[in-house]
Every structure is written in structure tokens, then in C-alpha cells.
Amino acid sequence: MTQRQPPTRSANGLAQPLGHASLRRANLALVLRHLREEGSCSRADIADSTGLHRATVSNLMAELLERGLVREVGTERAGAIGRPRRAVALDGSHVGALGMEINVDYIAVHGTDLSGRVLVERRISFDAMGQGPDRSLAELGRVTRRVIGDMKRAGAPPGGIVVGVPGLVDSGRGVVALAPNLGWHGLPLADRLREELGGLQVPVTVDNDANLAALAEYTSGVAAGTADMVSLTGEVGVGGGIIVGGRLLRGADGFSGEVGHLPVDPGGDRCGCGRVGCWETKVGFAALVRSATPDQAYGLDAGQGAVPTPDPEERVREIARGLAEGDERMVGAVAEVGRWLGLGGSILVNLFNPRVIVIGGYFARLAERLIPAAQAELEQLVIAGPAARCRFMASNLGFGAASRGAASMVVDHIMDDPTAIGSAPIAPDIAGQRI
Ligand SMILES: [Zn+2]
């Protein structure tokens, strides 16, 4: 039996063999993904379909069973003759995936098991803008510890955590390079959260909130499966997640999608990033609140803590009530946001030719008023006109889109590297033939 290993590419571009540990990880992932796609299978079927040796599959299966990622599901008979074979299936019920988001005025949590069953889902009102990074990290740690406890009690402690942040994120190092609306610069969020969690050994990854929301929209939102789409987060800041040809566009440093800082009005207001006339100064939630309900504007009580910051849901409800009652100031403010939404949308359509622009966060709550104004403006401004065939759609994922996308990213991480969870050692392996 030959033990040839497939070549891979090193940083200098030269072919080199995969090490035993990485080959084993790749083979574990191969088997797990096969079960995810095909449902229950016998070990022999897996060997036939993947090209791995049967002995290798049995060895890999022992580890996946030990890690609680697969389970025996009785027997199946191949054809009319032959003895029944024991089948195995993916079992995610003992492993959790924790997605979180910290934004300007809330922390959102979405905890599932690997099969996608929702175990914890909540949004906690929190003034991260006013509290600064240290107190925000302490609160994020407190919420995370509590949710980990809840998931443990539900029988699925998290095998990983992904945290979404509204800003530029160096995902590889877990550092928030810049989150203008939180006032964070160079914050090592992954390390700091691990410190807050004390001895809990859970992998922590950080990503941009809009990218995570776009993944959630692409996999389970109103335009799920649309290969070319843009997802916009309607928060105090406005982020964009861009899906091109079914893949998230990240750019050279992972900084793409910062659509909220498109300079659309050189004579306009100062943005949280320090520049003037960014798109989010026209369509961000703070801009709408300032013109629709000026006495409730963001920042009026920043740092003092004497006046509790209204929850964003409450703010949206107040504006929706005003619209229903025909309050002229609110109707005018929302129509103005709609026009600017269409103007910025036209830039995105000219650049990326998406089929759909999904609008999330507060945009979705006010979509009935926003979309007609935005759609009309977009069709006037976009170079292809109606031929661009792009329409705005309201997200149905609410303020939880990013945390939901974060949880699904944890599931993907575990599928890619099942050894990242549990305590099973990496056993010496009989290397497989193909990965
Ligand atoms: Zn800006």
C-alpha cells in the first residue's frame, strides 16, 4: 500500500508534502464535509467516494466519534445480498458555534449547535460608543461567559467564537485596526476577549460585521443563493458585504466593503472617521435620528451616563409611529435617507452589478418607505438604467444578521479543522491517498 501524499505549495511557491498533522486535518475535514452533503453513509461508501483507504476512514471515524462530531446510526444494506454495514452520520448536537456582534449600541448573540439548531439568541442594549474599549471588552466578556454557560447547559459548549465588529479588522491577528464609530484603534480584541474568558480554551476569531451579515444573507436571507449581491448594514455606521460570483469579496487586506465612507458630499457633515460627507453621514441611523427626532440625537449624553441611551429598537419604533401618523418632519427625513440610499446604491451597482441590494438593520424596519425612494433614485443614476435589473430588498434577519453569520462561520471553521475542538490528540495516521 503506497503512502504518497499530495503536494501542496509553500510560501516560496515550491511544491512540498503536507505534514502528517495537516494531512490528517484535511482528511478529517474531507470526511466530515462528505457526511454533511450526503447524510448517513457506511465507512466503505465514504472510502469509495473520497478515495481514502478503508483503514484510514475507520481511523478518522474513531477520532470524529471521540470528538462528538459523528454518531453511529444503525445499519444499512448495500443491495439485496451482502452483510449489513454500520452507517455513520454527522452529529453536531454536542458541539456549539457561538456568533457575536458588538456594535455602537448593542451586543448580539447567536449560539447554535453544528446542525444549525438555535440554542441562544439575544440582543443586549449596550452603549459601546460611550463606554470606551475597556468597559466594552469587560461587558463583552461578561455576556460571553454567561452564554457559554447557557450553551454548556444545553449540551453543546461552543467549539469556537466569531465576533463581528463594525470596522476594519485584521482577521488573521484578531485585531480591530479601526472602528470609527466605537473609537477603537488597534485593539487586539481576540486576545483581550480570551483574557476576559480566563481559562476557557475556545478559539476566538474577529471579523467585520457587514461581511458576516452578508454571509448570513447569502446562506439564509431573503436573497439566499443570489450569486451577485450587496448587503448593507443599517446601523449608526453603514457597512457593506459584497458577494461576487457566490464569494465574499474581501480585498487584499480584508478591508473591502467600507461603503459607509464613500465620499458622497464634500460639503457635508463630519463623519465618525474624521472625514467629511461620507455616505453614512447621510444614511446612517444617527443621521436619520438627528433629523427625525433631534431631541434624541446620538451623542447628547455620551460619557455622562445620566441619561440612558434609547435602545435602537425603541428609536426605530418611535420613527415608525411618526410615519404612520404622518409626522411631516419624520416623513421628510426618511424620504431624504431613501434618496441618498439610492444615490450610494447606484455607485455600488456601477461597480459590482449586483442583482440585489439587501438592506438590513434599521433600513429593513423602514423599508416600506425607504425602498420606493431609493429604487427610483438608483434607476435614474445608474449607467445601465433599468437594464441593471438590481432591486433593493429588505432583510428579514433583523439586527441579528451579523451574529448569525458569525455562528455559521464557526461551523465552517470546525468543518475545515475538526481538530480545533475537543481534546482528542492527533494520532499517528495512515495517510490517505487524496484530499
Ligand atoms: Zn467616514
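The values are calculated or read from the model by the stated rules, or taken from the named source; none is laboratory data. Just so it is clear, the model here is predicted, and its values are computed rather than measured. Here the Cβ is made from the backbone with ideal geometry for all residues, glycine too, and neighbour counts use every protein chain on show.
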Exercise. Of the residues that make up segment 242-265, is at least one in contact with a Phe, Trp or Tyr (Cβ under 9 Å, 6 or more places away or on another chain), of a type in the set (A, V, I, L, M, F, W, C), assigned to a helix (DSSP H, G or I) and within 15 Å of the ligand (Cβ to nearest atom)?
Worked result: yes
For this session: Search segment 267-279 for residues being farther than 10 Å from TRP340 by Cβ and not small (Gly, Ala, Ser), and hand back the single one that is surrounded by the fewest Cβ atoms within 10 Å (Cβ to Cβ).
Result: ARG270
For this session: Considering (1) loosely packed, with under 15 Cβ neighbours inside 10 Å; (2) in contact with a helix residue (DSSP H, G or I) (Cβ under 9 Å, 6 or more places away or on another chain); (3) at pLDDT 90 or above, say which one VAL264 fails and leave the rest.
Result: (1)
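Are any of the residues in segment 378-385 closer than 28 Å to VAL104 by Cα, surrounded by 22 or more Cβ atoms within 10 Å (Cβ to Cβ), more than 23 Å from the chain's Cα centre (by Cα) and not assigned by TED's automatic domain parsing to the domain that holds MET100? Walk me through it before giving the result.
The initial filter retains those residues of segment 378-385 that are closer than 28 Å to VAL104 by Cα, namely none.
Among the residues of segment 378-385, not one is closer than 28 Å to VAL104 by Cα, surrounded by 22 or more Cβ atoms within 10 Å (Cβ to Cβ), more than 23 Å from the chain's Cα centre (by Cα) and not assigned by TED's automatic domain parsing to the domain that holds MET100, which makes the answer no.
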Problem set entry | Filtered residues of segment 206-226 (kept if part of a loop (DSSP other than H, G, I, E, B) and touching a residue at least 40 places away in the same chain (Cβ under 8 Å)) | GLY221, VAL222, ALA223, THR226
Seminar exercise, completed: GLY99 meets each of (1) modelled with pLDDT of 90 or more; (2) of a type in the set (Gly, Ala, Ser); (3) touching a Lys or Arg at 6+ places or on another chain (Cβ under 7 Å); (4) surrounded by fewer than 18 Cβ atoms within 10 Å (Cβ to Cβ) with one exception, condition (4)
Problem set entry | Residues of segment 384-408 that turn out to be over 14 Å from GLY342 (Cβ atoms) and free of Cβ contacts under 8 Å to residues at least 60 places away in the same chain, as a count | 4
Problem set entry | Subset tally (residues that are within 12 Å of the ligand (Cβ to nearest atom), under 25 Å from the mean Cα position of the chain (by Cα) and under 18 Å from MET129 (Cα atoms)) for segment 272-285 | 5
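Can you report the number of residues in segment 159-191 which are of a type in the set (Lys, Arg) and crowded, with 21+ Cβ neighbours inside 10 Å?
Step one: of segment 159-191, the residues of a type in the set (Lys, Arg) are 173.
In the following step, the residues that additionally are crowded, with 21+ Cβ neighbours inside 10 Å were identified as none.
Of the residues in that region, 0 qualify.
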